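Take a look at the structure set out below.
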Amino acid sequence: MQRLTLFFMLFSLSFLSAGPISELYLTAWCNGGVVVVKGSSIVRSWATSGNSELAIAVDDTVRTYGYYTAGSYGAEYTLSGTFTGTTYALAPNLGFHDGTTDGTYNYAMSWHTQTVYRFSNTWSSAQAIFQPKGGYSMLGITYDPTDNTLWLLSYGYTTNRVEHYSMAGTLLSTFNVASTAIGALAMDHADHTLWYWDYNSKMLRQYSTTGTSLQTMSISGGDYWGGEFAFVVPEPLSGFMLLLSILFIGILRKK
């Protein structure tokens with residue numbers, strides 16, 4: 001019992017750590033390179049080998065997709081940043097800023113048509129799957145493996161919003177965030193929290209999936225519009241342990 005209690009304490013305290021627990025891969029505005037953030041610092045970075053890469057998907061490799069400008073194309077890298085020689089043509093050309101993956105398919109949010117697209121994991125065979133219905137223009141996107149859903153992030157409002165959707169396009173929940181120019185929405189699968197880039201304050205912001213602001217973190221190096229943590233399949237008991245961890249945090253804060 002003491003070991004179990006210690007495990008939950010350590011797991012819960014991970015929520016209070018400075019910066020992301022896992023490695024967060026970020027693409028800077030057109031040809032600005034890729035940076036990887038963990039904890040309170042940038043742990044590595046590299047120059048892009050594609051052209052105008054923004055949307056990003058990460059599992060056992062990093063695969064980017066081009067923005068809408070002429071000649072844009074994505075590229076594949078190892079997790080350490082080595083270009084594999086593989087590139088991805090831009091088709092369709094619809095202003096994709098951010099991307100995500102479920103390990104089988106990639107997804108991206110089209111700014112131009114306000115439509116979520118599903119791709120193969122090599123950014124081909126694009127298929128429109130739904131348009132957000134929350135009344136906001138969406139820009140960021142990330143995948144949630146705990147319930148096979150997508151989280152979207154709006155852009156350009158005085159108060160922006162995170163929206164949670166089923167794969168069929170059903171709006172499941174929403175919460176507001178106090179940022180006006182934001183992108184690079186990503187889910188850290190280690191603690192099931194959401195991170196995004198705040199363009200105006202030049203900060204990363206972390207939120208719970210229920211809308212609680214958890215922390216902010218300043219980083220340098222560019223303006224980041226694509227962002228992802230490496231996709232992982234959740235452990236069978238991760239949801240249960242997550243719930244217990246949140247309850248433990250609540251007890252700590254009350255004390």
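The values are calculated or read from the model by the stated rules, or taken from the named source; none is laboratory data. Since we're looking at a predicted model, the values are computed, not measured. Every residue, glycine as well, gets a Cβ built from its backbone with ideal geometry; the counts of neighbours run over all protein chains shown.
Values as computed for the structure displayed
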{"read-out": "Considering residues of segment 21-48 that are free of Cβ contacts under 8 Å to residues at least 24 places away in the same chain and in a loop (DSSP other than H, G, I, E, B) only, the residue nearest to the chain's Cα centre (by Cα)", "value": "Gly39"}
{"read-out": "Count of residues meeting criterion [at positive phi and more than 16 Å from the chain's Cα centre (by Cα)] in segment 80-118", "value": "4"}
{"read-out": "Count of residues meeting criterion [in contact with a Phe, Trp or Tyr (Cβ under 7 Å, 6 or more places away or on another chain) and surrounded by fewer than 13 Cβ atoms within 10 Å (Cβ to Cβ)] in segment 126-148", "value": "1"}
{"read-out": "Residues satisfying the stated conditions in segment 201-231, i.e. more than 13 Å from the chain's Cα centre (by Cα), more than 21 Å from Glu163 (Cβ to Cβ) and of a type outside the set (Lys, Arg)", "value": "Ser201, Met203, Gln215, Thr216, Met217, Ser218, Ile219, Ser220, Gly221, Gly222, Asp223"}
{"read-out": "Within segment 75-94, considering residues that are touching a Ser or Thr at 6+ places or on another chain (Cβ under 6 Å) and more than 19 Å from Val35 (Cβ to Cβ), the one surrounded by the most Cβ atoms within 10 Å (Cβ to Cβ)", "value": "Leu90"}
{"read-out": "Of residues in segment 233-243 being in a loop (DSSP other than H, G, I, E, B) and either exposed (fewer than 14 other Cβ atoms within 10 Å of the Cβ) or of a type in the set (D, E, K, R) (or both), the one modelled with the highest pLDDT", "value": "Val233"}
{"read-out": "Long-range neighbours under 6 Å by Cβ, at least six apart or interchain, first residue at positive phi and in contact (Cβ under 8 Å) with a residue 60 or more places away in the chain within segment 174-198, second part of a strand (DSSP E or B) and of a type in the set (A, V, I, L, M)", "value": "Ala184/Leu26"}
{"read-out": "Checklist (1) outside any strand (DSSP E or B); (2) without any contact (Cβ under 8 Å) to a residue 40 or more places away in the chain applied to Glu163, failing item", "value": "(1)"}
{"read-out": "Residues (under 17 Å from Ala184 (Cα atoms) and either of a type in the set (A, V, I, L, M) or free of Cβ contacts under 8 Å to residues at least 40 places away in the same chain (or both)) located in segment 49-93", "value": "Ser52, Leu54, Ala55, Ile56, Ala57, Val58, Val62, Gly66, Tyr67"}
{"read-out": "Leading residue by the ranking (modelled with the highest pLDDT) among those in segment 175-229 that are β-branched (Val, Ile, Thr), buried (at least 16 other Cβ atoms within 10 Å of the Cβ) and not in a strand (DSSP E or B)", "value": "Thr209"}
{"read-out": "Checklist (1) out of contact with any Phe, Trp or Tyr (no Cβ under 7 Å at 6 or more places or on another chain); (2) part of a loop (DSSP other than H, G, I, E, B) applied to Trp151, failing item", "value": "(2)"}
{"read-out": "Residue within segment 96-108 that is surrounded by fewer than 14 Cβ atoms within 10 Å (Cβ to Cβ), over 17 Å from Val162 (Cα atoms) and in contact with a Ser or Thr (Cβ under 9 Å, 6 or more places away or on another chain) present", "value": "yes"}
